[in-house]
1. Based on Cα positions only, what radius of gyration and what Dmax would you give for segment 49-92, in angstroms?
2. With just the Cα atoms defining each centre, how far is segment 59-89 from segment 31-48? Give it in Å.
3. Over segment 60-129, how many percent of alpha carbon pairs lie in each 5 Å bin up to the one with the longest distance?
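Read the figures in this text as sums done on the coordinates, not as results from a lab. The structure displayed is predicted, hence computed values, not measured ones.
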Amino acid sequence: MQELHVYEYAVIRLVPQVEREEFLNIGVILYCAKARFLDLRFYVDKQRWLAFSNVLDVGEVQDYLAAFDLICSGGKAGGTIAALPMPDRFRWLTATRSTILQTSKVHVGLCQDPAVTLNILLNQLVLLK
């Protein structure tokens, strides 16, 4: 039997009009220290997003998601934040903010394989499968 690892995750939320406090779940960030794993998955559904907010700039949201992805991956392309250690990048990505992309509170769980768990969470919380 494989060992279970503690993981932390947050849901990425699209908040087109911050003052209305309405959001759509569009992705998940998962961090597992023991497995040295930090990754995110998101799903771009332009039709759903525009039905939710007709003032939304989909390209801008995709640019922000790309920046999240670069920071999550680490390396020079992601800038100064991406150069931080993995736990610090996760904390930065999940910090409270008042922008078009926000994250839920951080939740904790146990898993055998963080990548599989990330896909399960995306299916359950974003794709509603």
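1. For segment 49-92, the Cα-based Rg and Dmax read 13.2, 38 Å.
2. Taking the Cα centre of segment 31-48 as reference, the centre of segment 59-89 is 12 Å away.
3. Going from the shortest bin to the longest, the percentages are 3, 14, 19, 26, 24, 11, 3, 0.
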